[in-house]
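Below is one structure, written out as structure tokens; comments come after it.
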Amino acid sequence: MLDWDVLSKTELENMAEAGQQVINCYRVLTKSSDNIVGEILKGQGTFFEMEHYPPGDIFDPESNSQYYYHAHRAGEHGHFHTFIRSDGIPDTISPIPDQSHQDFMDERDDDITHLIAISMDAKGFPINLFTTNRWVTAENWYTAEDVISVIDKFEIDLVPPSWPVNIWMTNLICLYKPVIIQLILERDRTIKAWQEKHPDQDVFEDRDLEVTSQISISVEDHLSKVEEYLAKKTA
């Protein structure tokens with residue numbers, strides 16, 4: 001999916017630095033037998049499917065970034081959903097005009113957009129990145145190009161609910177930014193193809209279309225690839 005040769009030295013340097021931050025979060029958490037998922041669920045009592053963890057989500061008002069963790073899919077412990085809220089989106093871009101109006105749009109004064117979902121295994125490590133249809137996260141739909149333009153705005157610069165989790169998530173998105181871009185572009189291609197095959201359905205509310213793109217990941221393998229290509233650029 002990813003054309004490594006087109007990445008600049010600066011992009012690779014940023015990814016390598018972010019990858020080291022991710023690995024460092026694992027190192028620190030492992031010292032106390034903790035992990036990313038355990039940090040999110042710590043003190044939350046019984047873990048229920050579909051409930052948001054932590055309650056009320058995590059929101060950084062400075063960057064207008066948001067995330068939560070929940071579970072409802074087979075093959076994973078659960079997953080994070082990440083967002084940029086409307087105050088973090090430039091006034092020059094808007095949700096697409098030809099999407100159907102839904103009740104959730106009247107429930108808040110916010111054109112929130114979903115960036116990427118991160119699947120986690122039972123040991124607290126990421127195993128998959130994926131994008132979703134609009135109904136899954138009750139978002140407003142922006143074009144792929146507009147969503148891509150705000151990826152760099154995602155940052156959780158907070159202590160609660162866990163400083164290492166917030167550092168990990170911010171840097172994981174940076175480490176995988178080129179992959180996330182490709183997934184978001186594929187998301188829109190999937191939506192277009194689905195609409196063409198089901199012209200009588202509202203594609204954004206069609207419950208038969210949930211995941212619009214996905215890829216399995218390994219942080220260690222990806223970081224090794226980043227460092228390999230960075231060495232080529234530096235040589």
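The values are calculated or read from the model by the stated rules, or taken from the named source; none is laboratory data. Model, not experiment: these values are computed from the prediction. A quick note on method: Cβ atoms are made from the backbone with ideal geometry, for glycine too, and the neighbour counts reach across all protein chains shown.
Test of understanding: among V165, V159, V147, which residue is at pLDDT 95 or above and not in a helix (DSSP H, G or I)?
V159
Out of all the residues in the range 146-204, which are over 21 Å from D98 (Cβ atoms), in contact with a strand residue (DSSP E or B) (Cβ under 7 Å, 6 or more places away or on another chain) and acidic (D, E)?
E155, D157
Examine the range 92-100 for a residue that is within 16 Å of the chain's Cα centre (by Cα) and not in a strand (DSSP E or B), and state whether such a residue exists.
Scanning the range 92-100 turns up no residue that is within 16 Å of the chain's Cα centre (by Cα) and not in a strand (DSSP E or B).
This table checks each residue for (1) crowded, with 21+ Cβ neighbours inside 10 Å; (2) more than 25 Å from C25 (Cβ to Cβ); (3) in contact (Cβ under 8 Å) with a residue 40 or more places away in the chain.
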| position | (1), (2), (3) |
| --- | --- |
| N128 | no, no, yes |
| E139 | yes, yes, yes |
| V150 | no, no, yes |
| W163 | no, no, no |
| T190 | no, yes, no |
| D206 | no, yes, yes |
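Any idea which residue in the range 1-20 is modelled with the highest pLDDT, counting only those that are outside any helix (DSSP H, G or I) and surrounded by fewer than 17 Cβ atoms within 10 Å (Cβ to Cβ)?
The selected residue is S8.
Name the single residue, out of those in the range 21-57 being in contact with a Leu (Cβ under 9 Å, 6 or more places away or on another chain) and either without any contact (Cβ under 8 Å) to a residue 60 or more places away in the chain or part of a loop (DSSP other than H, G, I, E, B) (or both), that is nearest to K177 (Cα to Cα).
N35
Checking P199 against (1) of a type outside the set (V, I, T); (2) crowded, with 18+ Cβ neighbours inside 10 Å; (3) part of a loop (DSSP other than H, G, I, E, B), only one condition comes out false. Which one?
The single condition P199 does not satisfy is (2).
Going through the range 42-62 one residue at a time, which ones are among the aliphatic types (A, V, I, L, M) and either surrounded by 18 or more Cβ atoms within 10 Å (Cβ to Cβ) or closer than 16 Å to D110 by Cβ (or both)?
Result: I58, single match.
Is it the case that the range 111-119 has a residue that's over 21 Å from C174 (Cα atoms) and surrounded by 21 or more Cβ atoms within 10 Å (Cβ to Cβ)?
Within the range 111-119 (the criterion being over 21 Å from C174 (Cα atoms) and surrounded by 21 or more Cβ atoms within 10 Å (Cβ to Cβ)), the answer is no, since none of the residues qualifies.
For the range 208-223, give me each residue that is among the charged types (D, E, K, R), part of a loop (DSSP other than H, G, I, E, B) and either surrounded by 16 or more Cβ atoms within 10 Å (Cβ to Cβ) or under 21 Å from the mean Cα position of the chain (by Cα) (or both).
Scanning the range 208-223 gives a single hit, E210.
Quick one: which of I93, I180, I151, I173 is more than 17 Å from Y67 (Cβ to Cβ) and touching a helix residue (DSSP H, G or I) at 6+ places or on another chain (Cβ under 7 Å)?
Result of the check over I93, I180, I151, I173: I93.
May I ask you to list the residues in the range 27-37 that are over 16 Å from Y67 (Cβ atoms) and within 19 Å of the chain's Cα centre (by Cα)?
Residue satisfying the conditions is N35 alone.
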